Amino acid sequence: MTDELRYHVDGELVPASEAAVSVDDRGFRYGDAAFETLRAYGDTVFAWDAHVERLEETCAALSLDHGLSSADLRGRIDETLSGNGLSDAYVRLSITRGVQPGKLTPHPDVGPTVVVYIKALPRGGLEGDPVWDGPAAVRTVETRRLPDEAIPASAKTHNYLNGILARAELAGSTGSVDAPDEALMLDLDDSVAEGATSNLFFVRDGTLHTPSTDGPVLPGITRDIVLELARECDLPLEEGRYGIDDVREADEAFLTNRTWELRPVGTVDGVEIGGGPVTARLSRLYDERVESACYRT
């Protein structure tokens with residue numbers, strides 16, 4: 001691995017200390033950009049096709065016609081991994097609408113800015129270690145998840161103010177010392193939605209539950225894989241709308257995102273929950289999926 005990481009900015013690998021975009025770029029100015037968080041395991045970008053599909057759905061929601069092919073984008077990621085000598089890594093791919101006149105209304109002609117950001121992560125799969133130190137401490141916050149009628153929950157854009165406010169609320173409640181690991185957000189109807197950067201699962205009486213994407217819930221790719229694994233092993237499963245007491249009274253709970261994979265929830269609002277046999281089984285199945293898809297090719 002090189003001493004200083006290099007990022008891929010508009011077709012070139014540049015040292016991290018020199019990586020920059022214009023202050024007139026709409027991604028900086030307005031958050032007018034789409035992104036995907038990915039993980040590379042053993043030189044393989046896991047679930048690439050699913051990420052590309054969601055990226056295109058976000059771009060369609062933004063009317064951002066960037067004109068770049070899947071092969072082009074994947075090539076930039078592969079160049080970044082190779083150029084940094086990394087096989088196992090966190091990867092963030094961003095596409096902004098680029099530099100345009102300083103008006104809110106976007107111009108239809110897009111000269112996209114494309115950035116690949118990267119950092120090393122441990123090996124994944126059956127021989128890997130999690131990136132988290134232990135089960136997550138979770139607390140519900142007053143900040144509500146934005147309704148789909150305002151901003152589609154399925155769109156992963158650079159405008160992350162909703163999640164930032166939720167995390168800031170956590171930090172403010174403790175003076176930033178020993179803050180909980182994740183903010184759990186409700187929707188405007190007081191139903192549990194998701195974490196600031198994660199999807200939520202919980203287990204009651206042997207049934208796996210997760211908030212439905214009919215509400216303002218990001219259709220996380222790790223979430224989708226967990227649902228697929230649950231169906232493959234005939235685990236009782238329900239997607240629905242739940243109150244916070246449903247979660248606090250759960251037998252097990254865990255969070256999912258691309259970096260954490262499956263992270264057990266230790267506490268919710270101080271109520272002890274923890275992992276359990278269902279969480280352990282799904283975590284094992286997820287590791288097996290990563291191992292077979294990325295390390296045994």
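Read the figures in this text as sums done on the coordinates, not as results from a lab. Keep in mind it's a predicted model, so treat the numbers as computed, not measured. We place every Cβ from the backbone using ideal geometry, glycine too, and count neighbours over all the protein chains shown.
Suppose we flag chymotrypsin sites (Phe, Trp or Tyr not before Pro) only when DSSP calls them loop and at most 16 other Cβ atoms lie within 10 Å. Which is the longest uninterrupted stretch of the chain? No qualifying site falls inside 161-297, the longest such stretch. Taking a ≥ b ≥ c as the square roots of the eigenvalues of the Cα gyration tensor, an a/c ratio of 1.5 or more together with a/b no larger than b/c marks region 6-121 as oblate.
Using the Cβ-Cβ distance between ARG281 and SER17 with R0 = 45 Å, the FRET efficiency computed as 1/(1 + (r/R0)^6) comes to roughly 0.55. Ordering GLU4, GLU182 from the fewest to the most neighbouring beta carbons within 10 Å gives GLU4, GLU182.
With a simple spin-label model that places each label point 7 Å from the Cα along the Cα-to-Cβ direction, the separation between ARG29 and GLU249 comes to 5.2 nm.
Put in line by how crowded their Cβ is, counting other Cβ atoms within 10 Å and starting with the fewest, ARG231, ARG145 read ARG231, ARG145.
Between VAL271 and THR105, the contour length at 0.36 nm per residue exceeds the Cα-Cα span by 55.1 nm. Spin-label model, ALA60 to SER82: label points 7 Å out along the Cα-to-beta-carbon direction sit 3.2 nm apart.
When +1 charges are put on Lys and Arg Cβ atoms and -1 charges on Asp and Glu Cβ atoms, the dipole computed for region 6-121 relative to its Cα centre reaches about 340 debye.
Taking other Cβ atoms within 10 Å as a rough exposure proxy, LYS156, LYS119, LYS103 sort from fewest to most as LYS103, LYS119, LYS156.
For region 129-169, GluC sites (Glu not before Pro) meeting the loop criterion (DSSP other than H, G, I, E, B) and having at most 14 other Cβ atoms within 10 Å: GLU142, GLU149. Hey, how many Å between the Cα centroid of region 1-68 and the Cα centroid of region 125-171? When both Cα centres are located, 19 Å separates them.
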